[in-house]
1. Does the stretch 125-147 hold any residues that are among the polar types (S, T, N, Q) and over 18 Å from Asn88 (Cα atoms), and which are they?
2. For the structure I just gave you, tell me whether Pro38 is of a type outside the set (S, T, N, Q) and part of a loop (DSSP other than H, G, I, E, B).
3. With the checklist (1) farther than 17 Å from Glu125 by Cα; (2) surrounded by 14 or more Cβ atoms within 10 Å (Cβ to Cβ); (3) polar (S, T, N, Q) in hand, flag the one item Asn8 doesn't pass.
4. Keeping to the stretch 14-32, report how many residues are part of a helix (DSSP H, G or I), out of contact with any strand residue (DSSP E or B) (no Cβ under 6 Å at 6 or more places or on another chain) and open to solvent by less than 70 Å² (accessible area, probe 1.4 Å).
5. Restricting attention to the stretch 53-69, does a residue exist that is at pLDDT below 95 and open to solvent by 70 Å² or more (accessible area, probe 1.4 Å)?
Amino acid sequence: MSTARSANNRASLSRLHEAVNGGDAERIQRTIDELFDPDVLIRTPLQVQATGAEALKEVFVTLCRAFPDLHIEVEDMIAEGDRLVSRNTVTGTHLGEYLGLPPTGRSVTYNEIFIFRFEGDRIAETWGVVDVLAQMRQLGAAPGGPS
């Protein structure tokens with residue numbers, strides 16, 4: 001893969017992060033439509049019934065309702081071949097229902113790592129590891145966090 005392709009893939013993912021950090025649900029959904037194959041294979045367990053790009057939209061709607069100030073800070077981004085890896089720190093304030101938990105007003109900070117596989121200019125497959133335990137601890141819903 002050329003350096004130009006890697007730069008394009010980085011720019012695509014940066015567009016997604018900018019949309020999420022902007023907090024505009026319609027912009028996030030449009031950006032997902034532009035960047036992801038409609039049938040993208042998501043290799044991360046999700047708490048939604050939809051598949052493909054529609055599943056991603058549901059995930060971000062849920063996250064943005066629960067954490068209206070959701071912010072993704074990219075710590076590392078590595079591109080090689082048709083793959084791009086992004087290691088992120090995510091922050092937000094729990095002001096809406098999330099995974100059955102009523103709003104707590106607590107701030108959360110957690111880490112995630114995603115691998116994206118591109119086909120042409122679109123993301124065709126993803127793998128991700130999200131530190132949901134850290135989220136739950138900080139929200140008081142798992143041992144080791146505030147009570």
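1. Listed by number, the list holds a single entry, Ser147.
2. On the way: of a type outside the set (S, T, N, Q): yes; part of a loop (DSSP other than H, G, I, E, B): no.
No, not satisfied.
3. Unmet condition: (1).
4. Final tally of qualifying residues: 9.
5. no
The values are calculated or read from the model by the stated rules, or taken from the named source; none is laboratory data. If you're wondering where the values come from, they're calculated on a predicted model, not measured in any experiment. We place every Cβ from the backbone using ideal geometry, glycine too, and count neighbours over all the protein chains shown. All accessible areas refer to the heavy atoms of the entire protein, side chains included, with ligands and DNA or RNA removed. Shrake-Rupley method; radii C 1.70, N 1.55, O 1.52, S 1.80 Å.
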